[in-house]
Amino acid sequence: MQIITTTEDLEELVSRFEKYPYFTIDTEFLRESTFWPILCLVQMATDDESAILDPMAKDIDLQPLFRLLQNEKVLKVFHAGRQDLEIFHHMFGEVPKPIFDTQVAAMVCGFGESVGYDTLVSKITGKSIDKSSRFTDWSRRPLSERQLTYAEADVTHLRDVYKFLAGKLKERDREEWVISEMEILRSPETYYIPPENAWLRIKARNHHPKFLGVLQAVAAWRERQAHSQNIPRNRILRDEALLEISSNPPKDAGSLSHVRGIGTKFAEGKMGRSLLEAVQEGVNLPPDQAPRLKKKTPPQKGIGPLMELLRVLLKLRCEENEVAQKLVCNMADLEKIAAEDSADVLALKGWRRRVFGEDALKLKNGEIALSSEGGKIKIINLE
């Protein structure tokens, strides 16, 4: 087991890894008390070696790692890698490329929805993973042999998982299916929400422009404060406080201090003054410039039963093609298809259209029907 703690050793490791067509990678991090994750370990493996990089080692320069992550000749293999990719995007300003996510590939290959790493390793390799170190504090040093062995297993078993799934994708001619999903994970927009859009995270039922204008302003204020101080959003203010402020905008420190969760010290201090400025900014926003919540309109008459019929078809087609339903069509898009033949949804594009979309349109337009025979659902052509 290699433990990389110096820039020189990292440079040598990267030079070796750059000669391979792919390597597996995982991270261990902490996020309980910070806004940005604290990277504690980076585990990597090729077919011939594995290594654990300690990014918390004194004076280590991670630029060689960045160079490797951006090397387009080497594929980076993750499992459920969204959080790992977010860490690298924050640290280096770019998302690694090219990438392959075995969780997505597993959904394409019929292993169910959002299958866990342990389950996937067990099903593909027949091996089990020691879970005893799963909730360890990865920032503490020194790490035990058990912890390091657990961390290393996250990338050594992943080699076998990747090779199996890559083979299945090629065998079924589904490589493009995964590539299209990787474009979403590769997009920087996936990992950055502008402060002005932070209000969308908050569950609000009030649709009044004034309320939403203040909510947008104070949520953006909280987002910037969390960024700059590197602490979780709720450590600044909880959602409930932002909703109360938006419902009854305080005009001074006295009224601000009466908001639940905000004391006099906060209200009369620098943070309080800054928050009141944000409140006023939201109050002054012209109604026609205030954000809008999409009103949920009741489904058209007859849409409900049609959606249920489409759900049966979706389940049938996904079982036949051994692909996870979640990857093909969600319930919101199913409703759009039921309402409109030309709905702008993924299920009516690319490989999803071939798997489900074309039959969905035929079913709703009376060109095919569903029947039961021998305890199984089958499609009947009516043309």
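Every condition in (1) more than 30 Å from Leu215 (Cβ to Cβ); (2) hydrophobic (A, V, I, L, M, F, W, C); (3) out of contact with any Asp or Glu (no Cβ under 7 Å at 6 or more places or on another chain); (4) modelled with pLDDT under 95 is met by Val328 except one, and the failing one is (4).
Taking helices (runs of 4 or more DSSP H) as the structural unit, those lying wholly within region 259-343 and holding at least 2 residues that are closer than 27 Å to Arg172 by Cα and under 25 Å from the mean Cα position of the chain (by Cα) correspond to 303-321, 325-328, 331-339. When Ile38, Ile99 are checked against the criterion of being of a type in the set (Val, Ile, Thr) and under 28 Å from Val355 (Cβ atoms), Ile99 stands alone in meeting it.
Among the residues of region 184-191, is any at pLDDT below 95, closer than 26 Å to Gln289 by Cα and either surrounded by fewer than 20 Cβ atoms within 10 Å (Cβ to Cβ) or hydrophobic (A, V, I, L, M, F, W, C) (or both)? Yes, that holds for at least one residue. Do you know which residues across region 217-239 are in contact (Cβ under 8 Å) with a residue 40 or more places away in the chain, in contact with a Ser or Thr (Cβ under 9 Å, 6 or more places away or on another chain) and surrounded by 20 or more Cβ atoms within 10 Å (Cβ to Cβ)? Hits for region 217-239 are Ala217, Val218, Trp221, Gln225. Among residues of region 121-143 being outside any loop (DSSP other than H, G, I, E, B) and of a type in the set (A, V, I, L, M, F, W, C), the one that is least open to solvent (accessible area, probe 1.4 Å) is Val121. Close contacts from region 190-208, counting a first residue that is in a loop (DSSP other than H, G, I, E, B) and a second that is polar (S, T, N, Q) and open to solvent by 60 Å² or more (accessible area, probe 1.4 Å), with Cβ to Cβ under 7 Å and a gap of 6+ residues or different chains, come to Asn206/Ser247. For region 47-62, taking the residues that are of a type in the set (A, V, I, L, M, F, W, C) and assigned to a loop (DSSP other than H, G, I, E, B), the one that is farthest from Val115 (Cα to Cα) is identified as Ile60. Residues that are in contact with a Phe, Trp or Tyr (Cβ under 6 Å, 6 or more places away or on another chain) and assigned to a helix (DSSP H, G or I) within region 228-246 comprise just one, Ser246. The single residue among Leu39, Leu13 that is in a strand (DSSP E or B) and without any contact (Cβ under 8 Å) to a residue 60 or more places away in the chain turns out to be Leu39. The condition of being at pLDDT below 95 and either in contact with a strand residue (DSSP E or B) (Cβ under 7 Å, 6 or more places away or on another chain) or basic (Lys, Arg) (or both) holds for only one of Pro37, Pro98, that being Pro37. If we scan region 122-137, do we find a residue that is farther than 20 Å from Phe100 by Cβ and touching a Phe, Trp or Tyr at 6+ places or on another chain (Cβ under 7 Å)? Among the residues of region 122-137, at least one is farther than 20 Å from Phe100 by Cβ and touching a Phe, Trp or Tyr at 6+ places or on another chain (Cβ under 7 Å), which makes the answer yes. Counting the residues of region 351-364 that are within 25 Å of the chain's Cα centre (by Cα) and open to solvent by 50 Å² or more (accessible area, probe 1.4 Å) gives 1.
The values are calculated or read from the model by the stated rules, or taken from the named source; none is laboratory data. Since the model is a prediction, treat every value here as computed from it, not as a measurement. Cβ atoms come from the backbone with ideal geometry, glycine included; neighbour counts cover every protein chain shown. We work out accessible area using only protein heavy atoms, side chains counted, and drop any ligands, DNA or RNA first. Shrake-Rupley method; radii C 1.70, N 1.55, O 1.52, S 1.80 Å.
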